[in-house]
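A short write-up of the structure that comes next.
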Amino acid sequence: MQKEIVVSGIRPTGHLHLGNYFGAMRNYVRMQEEYDCYFFVADWHSLTTHPDTKELQESVLGVLAENIAAGLDPEKVALYAQSALPEIAELYLYLNMLAYKGELEKTTTFKDKVRLNPDNVNAGLLTYPVLMAADILIHRAKYVPVGKDQEQHLEMARNFAQRFNYRYTELFPEPQAFNFGSKLIKVPSLDGSGKMSKSENQLATLYLVDDDDLIRKKVMKAKTDAGPTEPNSEMPDYIQNIFQLMALVSEESTVQKFRDDFNNANIRYGDMKKALAEDMVKFIAPIRQKAADILADKAYLKKVLDEGAEKAKDSARRTIEEARRLIGLNYL
Ligand code: TYM
């Protein structure tokens, strides 16, 4: 039986963090056994916000190394750089004719990026969701493992797929965001505001390359307060965030102990953060060490990219030939 197709990508705009891991990479690793997986480093996407490419190559290799260290097996999946498949750029061009300025301007990530960087509102940024749809549709993927922040992009990809199918006859399935039967997740930042992210507030983000002391320092700085004064009080957002992070890396019994302490109004946040910091160290340290070893072997990583592109090319070519035929661009 043919396996179902999975696609996902990560931008090489800095070191990967706990949000990337729990929102995406953990699912990549789980999916690699049962699905036909295409995972890539979204280097073209990074140019929309990071035009300076001095650190690009090192970042691309870093993303690869960190994914492999987290358990992704390049033998089982196609692991490649987006820019190795010009077919994606061609599909992006066709889909751009089916995407409207109004809907692109309304995209949440576009508005956020304009706010953060008002001097570089380029057309690539505006059409970011179209390129992302092309990444997915080029392999006719059914599932896309991503975090909650990508939900709107997936909805747009489905719209573009539908419009193509309607105009030129059925070619694309409608891709679904995926998290093993449960809701998409958003890993919160440590400062109590928003999600963990590669570039916003680095002290509130736990990177997979952080050393043990830095992890401890960041966790101990997480926002707390004097604690509840009455049993069964409502839990503030920033405390919920700490519990949410703890649920990702600690034993269930540890989380339950602190939950009971909170409900009994005798929680000591210092103790909770110490426990969380040690569990974070236990979780991150092995990935960090493995990633450093893998990153040192540049020849291996280049071979991974090469072989990954080779595997991905076949399906990309088939889709683009079919798209050309359906549009009527096959003159020979
Ligand atoms: P990027 O590079 O920002 O993030 C990579 C993956 O990590 C997830 N993620 C999170 N999940 C939970 N909590 C967080 N705090 C958190 N931060 C990041 C993201 O949801 C993502 O799954 N546009 C994409 C890259 C992309 C892509 C694609 C993804 C380009 N083309 C095609 C899927 C399919 C992005 O910027 O991810």
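Every residue in segment 114-126 that is under 20 Å from the mean Cα position of the chain (by Cα), modelled with pLDDT of 95 or more and open to solvent by 20 Å² or more (accessible area, probe 1.4 Å), please.
Quick first cut of segment 114-126, residues under 20 Å from the mean Cα position of the chain (by Cα) only: 116, 124-126.
Applying the additional criterion that residues be modelled with pLDDT of 95 or more yields 124-126.
The answer is 124, 126.
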Checklist entry - Going through segment 38-71 one residue at a time, which ones are open to solvent by 10 Å² or more (accessible area, probe 1.4 Å) and aromatic (Phe, Trp, Tyr)? => result 38, 40, 44
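Quick one: how many residues across segment 221-234 are more than 19 Å from residue 204 (Cβ to Cβ) and open to solvent by less than 60 Å² (accessible area, probe 1.4 Å)?
Adding up the residues that qualify gives 3.
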Checklist entry - Taking only pairs six or more apart or across chains, which ones have beta-carbon atoms under 8 Å, a first residue in segment 129-157 that is farther than 17 Å from residue 111 by Cα and part of a loop (DSSP other than H, G, I, E, B), and a second residue that is near the ligand (Cβ under 8 Å from one of its atoms) and among the small types (Gly, Ala, Ser)? => result 146/8; 146/23; 146/24; 147/19; 147/23; 147/24
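Taking helices (runs of 4 or more DSSP H) that fall entirely within segment 239-332, which contain at least 2 residues that are in contact with a Cys (Cβ under 9 Å, 6 or more places away or on another chain) and farther than 28 Å from residue 57 by Cα?
Working: elements: 252-263, 269-296, 298-327.
Filter on segment 239-332 gives an empty set.
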Checklist entry - Among the residues of segment 87-110, is any closer than 22 Å to residue 20 by Cα and free of Cβ contacts under 8 Å to residues at least 40 places away in the same chain? => result yes
Item to check | Positions within segment 44-72 being of a type outside the set (Phe, Trp, Tyr), part of a helix (DSSP H, G or I) and within 10 Å of the ligand (Cβ to nearest atom), in sequence order | outcome: 45, 46, 63
Item to check | Which listed residue is within 14 Å of the ligand (Cβ to nearest atom), in a helix (DSSP H, G or I) and open to solvent by less than 10 Å² (accessible area, probe 1.4 Å), from 21, 28 | outcome: 28
Item to check | Number of the exception - residue 163 against (1) open to solvent by 10 Å² or more (accessible area, probe 1.4 Å); (2) under 19 Å from the mean Cα position of the chain (by Cα); (3) in the same structural domain as residue 36 (by TED's automatic domain parsing); (4) under 30 Å from residue 93 (Cβ atoms) | outcome: (2)
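The values are calculated or read from the model by the stated rules, or taken from the named source; none is laboratory data. These numbers come from a predicted model, not from an experiment. Reconstructed Cβ throughout: ideal geometry from the backbone, glycine too, with neighbour counts over all protein chains shown. The protein model used for the area step is the full one, side chains on, heavy atoms only, and it has no ligands, DNA or RNA in it. Shrake-Rupley method; radii C 1.70, N 1.55, O 1.52, S 1.80 Å.
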